Amino acid sequence: MSSRAPSPAAPGRAASDPLSGWERLKLDRLAMLSLGVLLLSALACFLVPPLMEAARNTTSASTYAPPGTEVSAMGGGVYRAWLGTDASGRDVLYRVLSGGRVSLVVGLCAAAVSLFIGTLVGMTAGFYGGKVDSFLMRLVDVLYANPRVLFVLILISALTGPLSLGINEARAAAEARGWDTVRQWVDGAIPYQRTLILIFCLGVIEWLTMARIVRGQVLVLKEQQFIAAARVLGQSRWKIMVRHLLPNLWTVILTYLTLTVPVVVLDESFLSFLGLGIEEPASSWGTLLKEGAGAVNPLISRWWLLVTPGVAMGLTLLALNFLGDALRDAFDVR
Amino acid sequence: MARFLVSRFLSLLAVLGVVLTLTFVLFRVAPGGPFSFERDLTEAQVLAKEVQYKLDGPLYRQVGRWWQDALRGDFRESMKSRNFTVAEILGQSLPVSFALGGVAFVLAASGGIAVGALAAARQNRWPDRLAMTGALLAISLPTFVTGPLLVLSLALGLSWFPVGGWTSWKHVVLPAICLAIPYGAYVARLMRNSMVEVLGADFIRTARAKGLPERQVIFKHALKVAVLPVVSYLGPLAAGLLTGSVVVESIFGIPGAGQHFVNSILNKDGFLLMGAVAVYCVLLVALNFLVDVIYCVLDRRIKMYE
C-alpha cells in the first residue's frame, strides 16, 4: 500500500515527522491498557462460557442468591455462584459473559454495516463533489434532524413482520424443493431474527458521522498529487476510489469503527430496555441491565444483578472510547 | 447577517417539512397498519375506518390533509386512547417533561462547561485526567444503570431524596441529575477540547504576556471564545432533554411525554406519533435557530474584541 501512496497517517503533514501514527499509539500507555482490557473482555466473553459447567445456565431453586452462594442446579450439578444468581436461579457470571458475546457481536456487525454505508456515501460525496455532494450532505443533515431513537423504533417495528414472513416462505420453498441444507440454514437463522434486525437497523442509523468524516478526508486527499497522477494515467474513477483513496482512508475508518461500536452497544441496550432488543432466552448486556434495574427496589436490593453487567459493559465501552480517542489523536483525524 | 439568518430559517423549515412527511409516509407504508389490532375486519370495515381517520385515498392526499389539519393546530385524535385528542395527551405530559428537561439542561450545560474549562486550565495534570476519565465513563454507561445506582445510594442508602414519583421539588433532583450526566459529560469533553485549543492561541499568549492574572485570562478572554462549539451543541441537546428521556421517566415513575414517543410506535398510534415527532422537530428547529442567532451575536462581539 505504502509503495504507491504516501503514508496513510499523514495527509498534509511534514515528511520530517519522525513518529508514525502507530508509533505514537504504542507510546500511549492508556490506549495500550484499553486494548488489553478489550482483548481480555472479548476473550472472556467468547472463550470462558463454553468452559464453564453447563449447570450454570440452567435454572435452580436458589433464586436471587447473593454472591458466593453454593447453588445446586435443577438437572444436577453443584457450583459456586461467585456473582450471585438471577430470578430463575441462573448464574449471573455466566449470563454476563455470554450476554457480552451477543452485545459485542451486535456492536461490531452493526458498526461494520454503518461503516460500509458511511464510507460509500462519504467517498461518493467527497470524490464526485458538485450536485452529488450537496444532495448527499443535505440528506445527512435531514437524517441528523430526525429523532434517531424514533427512527430505529419505526424501522424495527416495520421490519419484524416482513422478515419472519420471508423466513417462513424461504423455509417452505426449500422444503417443497427438498433442499435440506438450505432448510437447515434457514432453521438456524430463526432464533437470530431479532439480532439480524437489530444489526441492520442500528447500522442504518449510525452511519451519518462516518459519512461526514470520510467526505472531509476525501476532499483533502483528492487534491493531492498522487490522485492527480492516477487521473493523468487515465485510471477510472472507481479504480482511483478503491485503489488509491480507500487505502488512505483506513485509519479514519478504523478510528470511527472503534468509536461507533460503543454507541451501537448503548443503542442496543436502550432498545433491549424498551423490550425491542434481544429477546429471552438469549441475553445481552442490555437485557441483563434491564433485569438488574428492575431488581433495585425499596424492599430488597439485589444490587449484583445491576452492578455485574453494569461494570462489564462500562469497562468495555470505556476501553473502546479511550482507544478510539487515542487513535483519533495518533492519526490526527478530525 | 440578516441574510444568513433568513436562509438558515428557510432551510430549517424545509428540514421540518421533510422529517414530518417522512415520518407520516413511514408510518403509513409500514406493514401491520393502525387497525391490525382489531380482529377480523372486512375490507369494507377497514375502508370505513380509513375514512373515519381521514386515511383513505392516495398517500400524498393523506399527507396533505394531515398537514392541513396540523397547520390549523389540529393534531387529530389518538387512534389508541379513544376520546383523547393528541393535543390533550401531549398537553398533560409535556409540561412535566419540560420541567424535568429544563432542570437537566441547566445542570448539564453549566456543569459541563465548568468541568471542561477547569480540566483545560489544568491540562494533562490529574484534575484534567480525572475529569475526562469520569466524563468518558459517564458517556459509556446508559441511564438505566446510573439511575438505579443513584436511587440505591442517595434514595435508599442515605434517604436524601424520594425513590420516585412527581409531587415536590425533591422528586426532580435525582431524575434531573440522572438525565444530565451523559449530556453534561459530552459538553465537558467538547468544552475541554475547544478550551485547550483556545489557550494555545496568540491572543491568549498576548494576554498572559501583558501580565494579566491567569484567572482573568481564562474566565474573561478564553472562555468567551471556547464556549462557541458548545453553544452549537446546546440546540439539539435541549430538544432531546425537553422532550424527555423515556428511560429516566420510566425508572423514576414520572408521567412525562417520553412514554408516548415509544408507545405510539408500539401501538401503531400514528397521529400520536406524528404529534410527538412534530413537537420534537419544532423544538429542535426553533432551538437550532436560536443557537444560530446567539452564535451571530457572540461571534460579532468576539470579532470586535480581537
Inset, instruction - Considering only the range B:194-219, state which residues are of a type in the set (S, T, N, Q) and out of contact with any helix residue (DSSP H, G or I) (no Cβ under 7 Å at 6 or more places or on another chain). - result: B:T206, B:Q216
Legend entry - Scope the range B:266-299; condition surrounded by fewer than 21 Cβ atoms within 10 Å (Cβ to Cβ), within 14 Å of chain A (Cβ to nearest Cβ) and aromatic (F, W, Y); matching residues: B:F289
Legend entry - Enumeration of residues in the range A:210-229 that are at pLDDT 85 or above and touching a Phe, Trp or Tyr at 6+ places or on another chain (Cβ under 7 Å): A:M210, A:I213, A:V218
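Residue-wise test of (1) under 26 Å from the mean Cα position of the chain (by Cα); (2) surrounded by 14 or more Cβ atoms within 10 Å (Cβ to Cβ); (3) among the acidic types (D, E); (4) modelled with pLDDT under 80.
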position: B:Y53; (1), (2), (3), (4): no, yes, no, yes
position: B:S97; (1), (2), (3), (4): yes, yes, no, no
position: B:A114; (1), (2), (3), (4): yes, yes, no, no
position: B:A138; (1), (2), (3), (4): yes, yes, no, no
position: B:T143; (1), (2), (3), (4): yes, yes, no, no
position: B:S153; (1), (2), (3), (4): no, no, no, yes
Inset, instruction - Examine the range B:160-169 for a residue that is within 12 Å of chain A (Cβ to nearest Cβ), under 15 Å from the mean Cα position of the chain (by Cα) and of a type in the set (A, V, I, L, M, F, W, C), and state whether such a residue exists. - result: no
Inset, instruction - Answer yes or no as to whether B:A222 is in contact (Cβ under 8 Å) with a residue 12 or more places away in the chain and either crowded, with 21+ Cβ neighbours inside 10 Å or in a loop (DSSP other than H, G, I, E, B) (or both). - result: yes
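Of all residues being of a type in the set (S, T, Y) and within 11 Å of chain A (Cβ to nearest Cβ) in the range B:4-28, which is surrounded by the most Cβ atoms within 10 Å (Cβ to Cβ)? Just the residue, please.
Filtering first and then ranking leaves B:T23.
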Legend entry - Restricting the range A:321-334 to residues that are in a helix (DSSP H, G or I) and more than 8 Å from every other protein chain (Cβ to nearest Cβ), the residue that is surrounded by the fewest Cβ atoms within 10 Å (Cβ to Cβ): A:D329
Legend entry - Residue among A:T251, A:T258, A:T308 that is among the β-branched types (V, I, T), within 22 Å of B:V145 (Cα to Cα) and part of a helix (DSSP H, G or I): A:T308
Inset, instruction - Determine which single condition A:V149 fails, assuming it passes every other condition in (1) among the aliphatic types (A, V, I, L, M); (2) within 14 Å of another protein chain (Cβ to nearest Cβ); (3) within 30 Å of A:H244 (Cα to Cα). - result: (3)
Inset, instruction - Filter the range A:262-287 down to the residues that are more than 11 Å from chain B (Cβ to nearest Cβ) and in a helix (DSSP H, G or I), then identify the one that is farthest from A:L150 (Cα to Cα). - result: A:T287
Legend entry - The listed residue being free of Cβ contacts under 8 Å to residues at least 40 places away in the same chain, among the β-branched types (V, I, T) and more than 14 Å from chain B (Cβ to nearest Cβ), out of A:I167, A:I213, A:I199, A:I154: A:I167
Inset, instruction - Would you mind telling me which numbered condition in (1) assigned to a helix (DSSP H, G or I); (2) under 29 Å from B:A222 (Cα atoms); (3) within 14 Å of chain A (Cβ to nearest Cβ) B:N124 fails? - result: (1)
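The values are calculated or read from the model by the stated rules, or taken from the named source; none is laboratory data. Fair warning: this is a prediction, and the values are worked out from it, not measured in the lab. Backbone-built Cβ (ideal geometry, glycine too); neighbour counts: all protein chains shown.
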